[in-house]
Every structure is written in C-alpha cells, then in structure tokens.
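Take a look at the structure below.
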Amino acid sequence: MSSSHMEYSGGEEYFDVIVVGAGIMGSSTAYHLAKRGKKTLLLEQFDFLHHLGSSHGESRTLRATYPEDYYHPMVAESALLWEQVQQECGYKVYFKSQHLDMGPSDHKSLRSVIASCLKNAVPHRVLDSRQVSDEFSGRIEIPENWIGVVSEMGGVIKPTKAVSMFQTLAIKNGAVLRDRTEVKNIVKKVGGGVKVVTTNGENFWGKKCVITAGAWVGKLVKSVSGLELPIQPLETNVCYWKIKEGNDNGSVGVGIGYGFDGGFPSFASYSEPYVYGTPSLEYPGLIKIAAHGGYPCNPDKRPWGPGVPLGALKEWIEKRFVGRVDSNGPAATQLCMYSMTPDEDFVIDFLGGDFGKDVVVAGGFSGHGFKMSPAVGRILTDLVLGGKAGVELKHFKISRFKENPQGNVKEFGDQVTIEPMLRSRF
C-alpha cells in the first residue's frame with residue numbers, strides 16, 4: 001500500500017482503536033478513547049451529521065423510568081456525563097425537565113417501571129388522574145383508571161448537536177475523523193490487530209476495532225465474520241403537531257403552555273399505541289408527539305415513508321391534550337431508523353470467533369439508546385482497552401439469542417410496534 005494513503009497519520013502506523021460508524025455511539029466512543037490519550041480513528045460511510053440513520057434530528061428524550069431495571073446504571077451515568085461533557089464543550093445539548101409516564105393502572109410495563117424505580121431508588125411520584133391534571137394545570141388529562149408516574153430525571157437531548165459535540169471534543173483530544181469512507185471488511189492480522197478495508201481502497205491498521213454502525217451493523221458484522229445478528233432496521237416517522245393559538249407559549253400565563261420553559265415534561269404513554277413526546281422546544285408552536293413503531297426496511301433501500309398509520313395517535317392527542325393541540329394531522333414529519341432486536345435490548349459484546357476480544361460490537365439500540373450514549377461510549381472504551389465494563393452486560397450479550405431466539409425473557413410485552421406484522425406490546 002502506498003504511503004500516500006496514510007499521510008495524514010504519519011505513514012503506515014497503527015491506531016490504537018478504529019471506530020466504525022460516527023453516529024452518536026461511535027462519536028461518544030471516539031471521544032472517550034481520545035480523552036484517554038489513545039490514538040483513535042473514527043470512520044463514517046456518509047457525511048458527518050447526515051440524516052440517513054438514527055442519530056439526527058432535533059430531540060430525544062432522557063428518562064430514568066425503565067420497566068427493565070438493568071438500564072438504570074447506564075441512564076444514571078449518562079445523565080451525569082451529558083452535563084459534564086457539555087460543560088467541556090461550552091454549550092448545552094441536554095435540557096432538563098420532568099418526565100411523565102402514564103397508562104392504565106394495571107398495565108404490566110407501567111407496574112414494572114414503578115417496581116424498577118423503587119428497586120433503584122429513582123425519585124418518583126405516582127399520581128391518579130386528578131393529581132396529573134393538577135400537576136400540569138389541565139394541560140394533559142388521563143382517564144380515571146390510568147395513573148401517572150412523575151420523575152425529575154427527564155428532558156430533551158439535541159441529537160445532531162450532541163453528535164457534533166462528541167466529534168468536536170474527539171478532535172480536540174487528538175482523534176482523526178474521516179467521513180465518506182465506507183468500511184467493507186475487517187481482517188484479523190497475524191500477530192494481533194486488525195486491518196480495516198474500505199470501498200475506496202484505503203486500508204487502516206488498528207490494535208483494536210469498535211463497530212457502531214447503527215442500522216448497518218448487521219450487514220457489516222455478517223460480511224466481516226459470517227455472524228448473523230438478529231437486528232432488524234425499522235423506518236419510523238417522528239411527528240410534530242401544531243399547538244392551538246394561546247396554548248403555545250410556556251412563559252405566558254401559568255398552566256397553558258406546552259413549552260419547555262413552561263415546565264411541560266417529556267412524556268410516554270403505555271397504551272395502544274405506545275406514544276412518546278417532548279415539550280415544545282425546537283420548533284416554536286409545535287410539539288413532538290409520535291407513536292413508537294415503524295416498518296422493517298433495508299437501510300440501503302429505504303421506502304422514505306409513508307410512515308405508520310396515524311389514526312390511533314390522532315385520537316390519543318385529541319383526548320390527552322384536551323383539544324389544545326391540532327390533531328387533524330402533523331404539521332411536520334421526520335423519518336428516522338430504529339435497529340430492533342427481538343427483545344428490544346442492546347447488543348454490546350465482543351465479536352468473538354477469530355477476532356477474540358480485538359473487535360467490540362454495539363448495536364440494536366431499538367429506538368431507546370440515544371440517551372445512554374455517553375455511558376455506552378465509556379463502556380465500549382473500557383471493553384476494547386481490556387478493562388472491566390463497570391456495569392452488568394449479561395443482558396446485552398450476543399450469545400443470548402443462541403439460548404433463546406427471542407433474547408431476554410420479560411414479563412411484559414414489546415413497546416415498539418413493528419408493522420405490518422403488528423408485533424405489539426398491547
């Protein structure tokens with residue numbers, strides 16, 4: 001190989017770690033690696049900050065309320081890290097608010113949320129329908145047989161800005177970043193290390209490699225090792241709805257605003273459909289309310305729409321937001337991808353086989369991983385450098401699908417509705 005290919009890094013030298021995929025997980029990992037003084041290369045197949053995957057857009061929720069109690073350590077660590085890292089950068093990507101979970105009082109997932117909060121000492125309050133109305137000044141109403149769970153650890157993360165923050169800090173700490181560089185293979189080197197082969201003919205050498213390729217992780221892992229990960233990309237539709245006149249300004253008039261500044265929470269509804277949303281922040285006068293679901297897709301041949309049918313979501317908005325949000329149809333929509341595993345739990349593990357512990361894979365974040373990216377990046381850094389993860393990772397092992405094709409067994413159903421098979425939690 002000619003030395004010109006590697007001139008930017010001083011000839012044909014090794015990187016300590018090569019990270020493949022510069023979405024939120026890869027960018028966070030590159031930041032953590034570079035901060036520890038490791039010679040780090042971050043590769044991205046498209047342009048940096050592209051809108052073709054799962055890490056773009058204007059908002060993601062942060063919540064500590066999980067039906068599965070094993071996510072708590074990563075959520076708690078990430079909440080601290082978001083604040084710490086944004087201080088390093090000098091601008092905010094995490095905007096704190098309360099978080100409201102709601103649903104029928106006997107709903108298994110919601111009961112599991114409360115049990116998990118108790119087990120992990122997450123401060124929360126369980127409210128009946130009248131108390132929910134009082135808490136949020138009538139801005140949101142739930143049926144009498146529903147309950148609300150209010151927690152203080154909630155809020156909105158700005159995703160594209162957050163990816164940019166991690167990349168900026170990675171560069172500041174000495175990482176090399178290359179976009180429009182698609183990885184087609186990773187080869188085990190005799191005597192240790194890996195060679196990363198790209199479609200444009202450039203090869204990169206590294207002692208270790210981390211694969212964080214989002215919706216492409218299954219394709220890449222299969223071509224690299226033959227291993228088939230049960231990760232199904234989904235195309236999902238994020239909807240913004242118009243707040244009716246007089247209800248849109250959180251700072252004017254107590255109790256009528258749906259704005260972040262007016263104290264409106266991020267929220268999730270354990271009902272049919274599973275609905276989530278954020279306070280009005282990124283688009284003045286619009287509020288993000290979306291159904292958690294989508295259609296299976298090939299990430300390289302996206303349908304780009306039309307999105308999940310909105311009938312049930314419109315009805316939910318009309319009832320919960322008591323006519324104050326225009327439920328006739330969304331004012332704006334954005335498409336995004338989820339990478340679904342059968343159990344909706346992450347994959348964080350060594351690739352194994354011939355690669356042993358030289359290659360670490362992270363994927364299958366199933367539409368709920370973004371909030372945990374600062375901790376996931378730290379965990380991947382520790383794993384690839386030969387350290388301990390610091391949290392229990394048994395629920396995220398690849399081998400769980402050998403033991404049970406459905407993965408981790410849960411006492412409640414799925415949260416993400418996969419059309420058209422309609423595999424639904426409810």
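The values are calculated or read from the model by the stated rules, or taken from the named source; none is laboratory data. Quantities reported herein were computed from a predicted structural model and do not represent experimental measurements. Here the Cβ is made from the backbone with ideal geometry for all residues, glycine too, and neighbour counts use every protein chain on show. These area figures cover heavy atoms from the full protein model, side chains too; ligands, DNA and RNA do not enter into them. Shrake-Rupley method; radii C 1.70, N 1.55, O 1.52, S 1.80 Å.
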> Looking at the stretch 280-299, is at least one residue among the small types (Gly, Ala, Ser), at pLDDT 95 or above, within 21 Å of Gln98 (Cβ to Cβ) and crowded, with 21+ Cβ neighbours inside 10 Å?
Replying inline: yes
>> Can you pull out every residue in the stretch 57-72 that is open to solvent by 10 Å² or more (accessible area, probe 1.4 Å) and either aliphatic (A, V, I, L, M) or under 18 Å from Gly214 (Cα atoms) (or both)?
In response: Arg60
> Out of the residues in the stretch 374-390 that are at pLDDT 95 or above and open to solvent by 10 Å² or more (accessible area, probe 1.4 Å), which is nearest to Val360 (Cα to Cα)?
Replying inline: Leu383
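Would you please name the residue that is farthest from Phe46 (Cα to Cα), looking only at residues in the stretch 305-322 that are at pLDDT below 95 and surrounded by fewer than 20 Cβ atoms within 10 Å (Cβ to Cβ)?
Val322
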> Taking interchain pairs and intrachain pairs at least six residues apart, which have beta carbon atoms under 9 angstrom, with the first residue in the stretch 224-237 and under 16 Å from Asn185 (Cα atoms) and small (Gly, Ala, Ser) and the second open to solvent by less than 50 Å² (accessible area, probe 1.4 Å) and assigned to a loop (DSSP other than H, G, I, E, B)?
Replying inline: Ser225/Leu351; Ser225/Gly352
>> I need a count of the residues in the stretch 100-125 that are touching a Pro at 6+ places or on another chain (Cβ under 9 Å), closer than 21 Å to Val409 by Cβ and not in a helix (DSSP H, G or I).
In response: 1
>> So the check is Cβ under 6 Å with 6+ separation or different chains; which pairs have a first residue in the stretch 349-370 that's on the phi > 0 side of the Ramachandran plot and a second one that's modelled with pLDDT under 95 and outside any strand (DSSP E or B)?
In response: Gly367/Val416
> With (1) surrounded by 16 or more Cβ atoms within 10 Å (Cβ to Cβ); (2) at pLDDT 95 or above as the list, and Thr417 as the residue in question, which single condition is left unmet?
Replying inline: (2)
